[in-house]
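Here's the structure we're looking at; comments come further down.
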Amino acid sequence: MDSFLTRWNEVLKDMGNLVTAVSYDLYIETLEPIKVDNNKLVVLASTSTNKKQLLRLHKEKLLSAIKNHFENVEDVIVLEPSEKEAFLEDIKQAEETIETNQMLNEKTILNKKYTFDNFVVGQSNKIVYSAALNVAENPGKNFNPLFIYGGVGLGKTHLLHAIGNYVTKNNKDFKIIYVTCEQFMNDFTKSIREKTTEAFRHKYREVDLLMIDDIQFISNKTGTQEEFFHTFNDLHQFNKQIILASDKHPRNIDALEERLRSRFSGGLIQDIQKPDFETRLAILQKKVEIENYSVESNVLEFLAEKIDTNIRELEGSLNKVVSLSILIGKNKATMFEAEEALKDIAISQAQNLSVDKIMEVVCKYYNVKKADLIGKKKNKEIVDPRQICIYLITELMDIPLMTIGNAFGGRDHTTIMHARDKIAQNIKTNKSLKVNIEDLIAMIKSDI
Ligand code: ADP
Ligand code: MG
């Protein structure tokens with residue numbers, strides 16, 4: 001699971017591609033991400049002027065980059081320093097109220113965006129879709145537990161929320177809990193620390209529908225497994241519905257107690273597969289419709305063709321294309337933006353491409369030592385290849401600037417950005433540099 005900061009770094013990286021270096025340095029890099037609160041990402045600008053400028057110039061781009069990396073986040077709140085204290089205090093109070101409410105009446109936060117209606121059904125997911133719908137219509141009756149498994153970004157979480165939303169609508173006084181395995185674990189360990197295990201048990205054992213997402217993380221957590229075993233039995237015995245989602249089949253979850261494995265297998269285990277082309281296209285069309293995006297239809301076919309790994313990435317690529325078109329000032333996204341957006345993804349998907357490989361090729365080409373390439377020397381014979389190497393990595397691979405900085409002896413990501421932009425600029429006027437870079441790219445590609 002990506003941490004908050006990893007995700008934020010991804011946002012920074014996207015913004016690096018969407019705004020000028022000056023804007024990036026002034027308004028983006030100086031932001032301090034604070035937290036996600038109620039589907040909103042809260043960030044702190046360094047000054048009140050920066051806040052105003054950021055909102056005026058880059059709010060849309062920032063929001064779309066954020067949405068790409070933080071699922072469930074729908075808005076961004078930019079604070080200026082004078083607002084920080086008061087805001088945090090508000091959040092704290094709100095959290096305390098929510099916590100007590102949760103203890104009292106099991107309110108679950110379900111994402112309203114994830115419904116059966118906007119889940120596109122195709123060959124790859126039609127059985128799991130029917131199973132989920134069946135369970136939503138008859139909780140506790142037919143498939144208990146329902147265990148959904150499949151790779152990342154294929155719609156497991158979406159289906160869990162869809163079931164929750166459906167059940168909430170039709171059974172107003174049903175008590176529902178949706179938690180990730182991590183939340184369940186944290187809740188449990190907290191209850192031990194604070195000696196509130198009674199309240200914990202009450203909370204989890206008196207629900208009509210319990211959904212635990214990413215249950216594979218229970219692997220190795222002996223205490224949590226023990227507790228969950230009892231929770232499970234209590235609920236099951238009273239025909240309360242249990243739904244679990246995992247990235248693996250129960251038999252492939254390591255260090256899982258046998259008795260839990262057999263409980264997990266006692267209902268219906270259903271997998272969710274990678275979508276085929278038609279489903280991918282239909283998902284993109286649905287998304288365009290929901291978000292009211294303006295995109296040429298061949299763009300959707302192009303994306304559906306190129307991105308066949310997971311649906312989150314598919315949606316991400318569409319967002320990227322739309323952001324680019326907005327940035328360029330077009331009112332409809334075309335193949336031009338699509339190709340731009342996919343440039344780096346396509347090549348970096350080729351296996352075996354690594355920072356080391358690119359460095360190796362550059363060192364050979366310019367006859368410099370790797371130690372010098374990543375070292376501190378400032379003479380032109382070294383600096384040029386170094387900057388070219390950085391440029392190539394940013395062009396060919398889809399990795400954060402910070403990671404590249406680390407590979408170059410712990411340089412700051414702004415240094416990396418500077419090198420990249422400088423070469424990108426120089427290529428436009430310097431023919432021989434352009435030829436060299438094309439040579440290098442050909443060599444790198446022929447090597448992988
Ligand atoms: P998982 O939990 O399996 O990693 P998610 O449920 O988070 O995947 O899905 C990733 C993204 O893809 C979400 O935005 C979700 O809405 C979308 N998605 C997945 N499957 C579908 C589908 N069949 N139709 C529409 N959107 C989908
Ligand atoms: Mg998920």
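On the accessible surface of the chain, probed at 1.4 Å, how many percent belong to carbon and sulfur atoms?
Within the chain, the accessible surface is 50 percent carbon and sulfur.
If you project the alpha carbons of the chain onto their three principal axes, what span does each projection cover, largest first, in Å?
Computed over the chain, the largest-to-smallest principal extents equal 75, 52, 46 Å.
Applying the Karplus parametrisation 6.51 cos²θ - 1.76 cosθ + 1.60 with θ = phi - 60° to the phi angles of the stretch 256-271, what ³J(HN,Hα) value in whole Hz is obtained for each residue in order, glycine and proline being reported as x?
10, 4, 4, 5, 6, 4, 6, 4, 4, 8, x, x, 10, 9, 10, 8
Looking at the chain, what % of its DSSP beta bridges pair antiparallel, to the nearest 5?
20
Which whole-number percent is the relative contact order of the stretch 297-429 (Cα, under 8 Å, 6+ apart)?
18
How large is ³J(HN,Hα) for each residue in the stretch 173-183, as worked out from phi by the Karplus curve 6.51 cos²θ - 1.76 cosθ + 1.60 (θ = phi - 60°), to whole Hz, x for Gly and Pro?
Working through the residues one at a time gives 9, 5, 8, 10, 10, 10, 9, 7, 4, 4, 5 Hz.
Using only the Cα atoms of the stretch 395-448, build the gyration tensor, take square roots of its eigenvalues as a ≥ b ≥ c, and label the shape rounded, prolate or oblate: rounded if a/c is under 1.5, else prolate if a/b is larger than b/c, else oblate.
Oblate.
Which whole-number percent gives the relative contact order of the stretch 1-91, counting Cα pairs below 8 Å spaced six or more residues apart?
Computed value for the stretch 1-91: 31 percent relative contact order.
Which residues' amide hydrogens lie under 5 Å from the amide hydrogen of Val295, considering only partners 5 or more residues apart or on another chain, with H built in the peptide plane?
Placed amide hydrogens put Ala333 under 5 Å from Val295.
May I ask for the angle, rounded to the nearest 10°, between helix 431-447 and the longest principal axis of the chain, with both axes built from Cα atoms and the value confined to 0 to 90°?
For helix 431-447, the angle is close to 40 degrees.
If you roll a 1.4 Å probe over the heavy atoms of the protein chains, what accessible area per residue do you get for the stretch 195-307, in Å²?
48
In a Gaussian network model over the chain where Cα atoms closer than 10 Å are linked, find which of Asn125, Asn239, Asn170 has the largest mean-square fluctuation.
Most flexible of the set in this elastic network: Asn170.
Alpha carbon centre of the stretch 5-45 versus the stretch 117-176: separation in Å?
34
How many Å² of accessible area per residue for the stretch 11-93, probe 1.4 Å?
Dividing the accessible area of the stretch 11-93 by its residue count gives 47 Å².
For the Cα atoms of the chain, what angle does the longest principal axis make with the long axis of helix 222-237, in degrees from 0 to 90, nearest 10?
50
Check Thr180: other-chain or 5+ apart residues with amide H under 5 Å from its amide H, H built from backbone geometry?
HN-HN under 5 Å from Thr180: Asp213.
For Leu79, which sequence-distant residues (separation of 5 or more, or a different chain) have an amide H within less than 5 Å of its own amide H, given hydrogens modelled in the peptide plane?
Excluding prolines and chain starts, which carry no amide H, the hits are Val43, Leu44, Ala45.
Determine the shape class of the stretch 284-437: with a ≥ b ≥ c the square roots of the Cα gyration tensor eigenvalues, call it rounded for a/c under 1.5, and otherwise prolate if a/b is greater than b/c, oblate otherwise.
Prolate is the answer for the stretch 284-437, as a/c is 1.5 or above and a/b outweighs b/c.
So what's the back-of-envelope 222 nm ellipticity for the chain, counting only DSSP H runs of four-plus at -39500 (n - 2.57) apiece and dividing by all residues, rounded to 500?
Roughly -19000 deg cm²/dmol at 222 nm, from the helical runs in the chain.
Please turn the phi angles of the stretch 156-166 into ³J(HN,Hα) values with the Karplus equation 6.51 cos²θ - 1.76 cosθ + 1.60 (θ = phi - 60°), one per residue in order, whole Hz, x for glycine and proline.
After applying 6.51 cos²θ - 1.76 cosθ + 1.60, I find 5, 4, 4, 5, 4, 5, 4, 4, x, 5, 5 Hz.
Rounded, prolate or oblate: pick one for the stretch 224-275, where a ≥ b ≥ c are the square roots of the eigenvalues of its C-alpha gyration tensor, a/c under 1.5 means rounded, and failing that, prolate if a/b is larger than b/c, else oblate.
It is oblate, given that a/c is not under 1.5 and a/b is not larger than b/c.
Under 8 Å for C-alpha pairs, at least 6 residues apart: give me the relative contact order for the chain, rounded to a whole percent.
Relative contact order, the chain: 13 percent.
The values are calculated or read from the model by the stated rules, or taken from the named source; none is laboratory data. Since the structure is predicted, the reported quantities are computational estimates derived from the model, not experimental observations. Heads up: the accessible areas ignore ligands, DNA and RNA and are worked out on the full protein's heavy atoms, side chains in. Shrake-Rupley method; radii C 1.70, N 1.55, O 1.52, S 1.80 Å.
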